[in-house]
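One structure is given below, encoded as structure tokens.
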Amino acid sequence: MTPADRDYFARITTLRGSVVTIPGLTEQQAQAIADQHGPTERPALTADKGKTTCGRCQGAGGWEEEVRSKSSGGSEVVTKKWVNCRPCGGTGQVPK
Ligand SMILES: [Zn+2]
């Protein structure tokens, strides 16, 4: 493979865990985005001795739930709402 000018991409993990990829960047652009967003670590989810991954949310700390509501026009509107996991309180870790 030959190196191309626009062979770089940025991959950003959002707070909700979605991964967004931005292709077609120059090295400088990709680096600028990486610097801006930094390592996407979630300190609340670091491994803790004496605790184990929550089986209810698989360590995610919660999940998206569909919320259905009727609009004034009578049509159904479905939105997604983040729900914190109750057993682990949104940390993704529970005591062993
Ligand atoms: Zn949980």
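Among residues other than VAL94 with Cβ under 9 Å from its Cβ, the summed charge is +3 (Lys and Arg +1, Asp and Glu -1). Residues whose amide H falls under 5 Å from that of THR52, counting only those 5 or more places apart or on a different chain, are VAL94, LYS96, with hydrogens built in the peptide plane. Shown are LEU15, LEU25, whose ranking by accessible area with a 1.4 Å probe and every protein chain present, most to least, is LEU15, LEU25. Over the stretch 43-96, the fraction of Cα-Cα pairs per 10 Å bin, rounded to whole percents and listed from the shortest bin up, is 26, 35, 18, 14, 6, 0. Solvent-accessible surface of the stretch 43-96, taken per residue with a 1.4 Å probe and all protein chains present: 73 Å². Please work out the FRET efficiency for the pair ARG56 and VAL19, using the Cβ-Cβ distance as r and a Förster radius of 22 Å; give the result to the nearest 0.05. The computed FRET efficiency comes out at 0.45.
The values are calculated or read from the model by the stated rules, or taken from the named source; none is laboratory data. Not measured: the values here are computed from a predicted model. Here the Cβ is made from the backbone with ideal geometry for all residues, glycine too, and neighbour counts use every protein chain on show. The accessibility values were calculated without ligands, DNA or RNA, using every heavy atom of the protein model including side chains. Shrake-Rupley method; radii C 1.70, N 1.55, O 1.52, S 1.80 Å.
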